[in-house]
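Read-outs: derived from the displayed coordinates by stated rules, not from any lab. What you see is a predicted model; the values in this text were computed from it and never measured. With ideal geometry, Cβ positions are generated from the backbone for all residues, glycine too; neighbour counts draw on all protein chains shown.
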Amino acid sequence: MIPPMNTPLGFALHFSLVCLSLAYFAALFRLLKGPTIPDRIIVIDLVASATMGIILVFIVATGKTIYINVALIIALIVFMGNVAFAKYLKKTMQND
Amino acid sequence: MKKLTNIPLRLIRLLFFIAFYFKELVMSSVLLAWDIARPRKTFTHGIVAIDIDLKKSIAVMALVNLLSMTPGSLSVYLTPDRKRLYIHAMYLEYPDRFKKKIKNSFENRIKRIFE
Amino acid sequence: MTEWIVSILIILGSLFMLVAALGIVRLHDVYMRMHAITKAASLSIVLFLLAVVVHQFSWGTLFGAILVMLFIIATTPVASHMIAMVSHMMGIPMSKGAVMDELTSENK
């Protein structure tokens, strides 16, 4: 599926998968350590970006361009999620 | 009559604006990469306020989105009457120069396209 | 030739994703981490989309890629604006080196 390592495309795909998984680990670190709630919310954005990146790399590797719709749906849902979290935090703060 | 002749010019300016937007996005990412690769240092950052006088809401939205994509600035709060915008800036050695740059470069550009 | 362009685009995109990930680990407070997420991650997604369009060109793919690109470019700043606003309202302090805060000093 992924071309071998000594072609340029194969090297690029392997390299990008390594970088994207490092992004997941960075997100996990900040999710566990982050001192405040907004620190943990912006992790969602990074995880969603890394997932979209993996889907796009998968499209380049296999040629199934139909999966670009998945990236669109993820972008949509993450925007909704961020706005919902912001509204929720605002509301809980006003009630206190 | 005047409006009809203005539409192609406005479209051309919109295309230039999109190109400018992408240029700003690339430049800010490169600057951020340079900043992260360097060893730990303290940033001179802070929140500054600027007055904006744009009337249409789409122009205000374009300004806020563009500001979030420019090197070292992130819009934090917009007053409900859309007159004053608070920006978190990362490189704030000279606040007056920063405010003047936003006023002259970005706001005038958006005003020429959308209003 | 196409293969080389696609490879360079993918490598650049993953480097910018790495910049976003390192930024979220290394920068000092919420506002600066939001800088990293907003700029570098959206640029990286744009580069990956360009790689997909160059590698498998068809009009449907181009349309989908432009749609995703417009959506990312239009909504990521709005989301980070809202979260920055809420985190300032919650009173999260800025890290060392903050020189001015006109939002707090003017509204009190």
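Backbone amide hydrogens, once placed in the peptide plane, bring C:ASP101 within less than 5 Å of B:ILE47, excluding anything fewer than 5 places away on its chain. Pairs exceeding a 28 Å alpha-carbon distance, out of B:LYS56/B:LYS103; B:LYS41/B:LYS83; A:LYS90/C:LYS96: B:LYS41/B:LYS83. Once backbone amide H atoms are built at 1.01 Å from N, B:TYR77 has B:TYR86 as its partners under 5 Å, excluding neighbours fewer than 5 places away on the same chain.
Relative contact order, whole percent, for the range B:5-91 stands at 33, derived from Cα pairs under 8 Å and 6 or more residues apart.
Using the Cβ-Cβ distance between A:LEU22 and B:ILE113 with R0 = 30 Å, the FRET efficiency computed as 1/(1 + (r/R0)^6) comes to roughly 0.15. Each Lys or Arg adds one and each Asp or Glu subtracts one; over the other residues with Cβ under 11 Å from the Cβ of C:ASP29, this totals +1. Label-to-label distance, A:ILE37 versus A:ILE73, with points set 7 angstrom from Cα along the beta-carbon direction: 3.0 nm.
Derived scalar couplings between HN and Hα for the range B:12-20 equal 5, 5, 5, 5, 4, 5, 5, 4, 4 Hz in order, rounded to whole Hz, by the Karplus curve 6.51 cos²θ - 1.76 cosθ + 1.60 (θ = phi - 60°), x for Gly and Pro. For the range B:99-114, backbone phi angles converted through the Karplus equation (6.51, -1.76, 1.60; θ = phi - 60°) give residue-by-residue couplings of 4, 5, 5, 5, 4, 6, 7, 8, 5, 5, 4, 5, 5, 5, 7, 9 Hz, Gly and Pro being listed as x.
The mean number of partner chain beta-carbon atoms within 10 angstrom of a residue's beta-carbon across peptide A:26-34 is 3. With contacts taken as Cα pairs under 8 Å at a separation of at least 6 residues, the range C:1-78 carries a relative contact order of 37 percent.
Across peptide B:81-91, the mean count of Cβ atoms from other chains lying within 10 Å of each residue's own Cβ comes to 3. Applying 1/(1 + (r/R0)^6) with R0 = 22 Å to the Cβ-Cβ distance of A:THR62 and C:LEU70 gives a FRET efficiency near 0.30. Each residue of the range A:83-89 was assigned a 3J(HN,Hα) from its phi angle through the Karplus expression (A = 6.51, B = -1.76, C = 1.60, θ = phi - 60°), giving 5, 5, 5, 4, 4, 4, 5 Hz with x at Gly and Pro.
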